[in-house]
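Have a look at the structure below before the remarks.
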């Protein structure tokens, strides 16, 4: 398994597109950070509020730079908008394994069919 943390991987199907999280994605996620505090209720490192979102994104990007995690911003193709974030973590190249987590979506996105 080859995984290059410097590569800008885009993963998509007919419903969703995962793009590498960038510092410039701040404004795309700010709506959820400021207006949906319930997303962060049980998250000790949540992105509630502008300052915490800045920290959240900075930390996610640092984890990518140190080759520990690979964060994405999530684009809902049906709604035509950015709806949250997810990431690969616990990436073990030698075992060919990766876990998916740190996932959150705006409250109007969860459970849609």
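Worth pointing out:
- Beta carbons closer than 6 Å, at least 6 apart along the sequence or on distinct chains, pair a first residue in the range 82-98 that is in contact (Cβ under 8 Å) with a residue 40 or more places away in the chain and at positive phi with a second that is surrounded by 11 or more Cβ atoms within 10 Å (Cβ to Cβ) and in a strand (DSSP E or B) for 84/74; 84/104; 84/105.
- Take the conditions (1) touching a helix residue (DSSP H, G or I) at 6+ places or on another chain (Cβ under 9 Å); (2) modelled with pLDDT under 95; (3) surrounded by fewer than 16 Cβ atoms within 10 Å (Cβ to Cβ); (4) closer than 27 Å to residue 67 by Cβ; residue 34 misses just one of them, which is (4).
- Test: residue in the range 6-17 that is surrounded by 13 or more Cβ atoms within 10 Å (Cβ to Cβ) and either in contact with a helix residue (DSSP H, G or I) (Cβ under 7 Å, 6 or more places away or on another chain) or modelled with pLDDT under 95 (or both): no
- Verdict on residue 28 being surrounded by fewer than 16 Cβ atoms within 10 Å (Cβ to Cβ) and in contact with a strand residue (DSSP E or B) (Cβ under 7 Å, 6 or more places away or on another chain): no
- Exactly one residue among 48, 52 is over 25 Å from residue 9 (Cβ atoms), surrounded by fewer than 18 Cβ atoms within 10 Å (Cβ to Cβ) and within 16 Å of the chain's Cα centre (by Cα), and that residue is 52.
The values are calculated or read from the model by the stated rules, or taken from the named source; none is laboratory data. Here the structure is a predicted model, which means the values were calculated and not measured. Because the Cβ atoms are built from the backbone with ideal geometry, glycine has one as well, and the counts that use them run over all protein chains shown.
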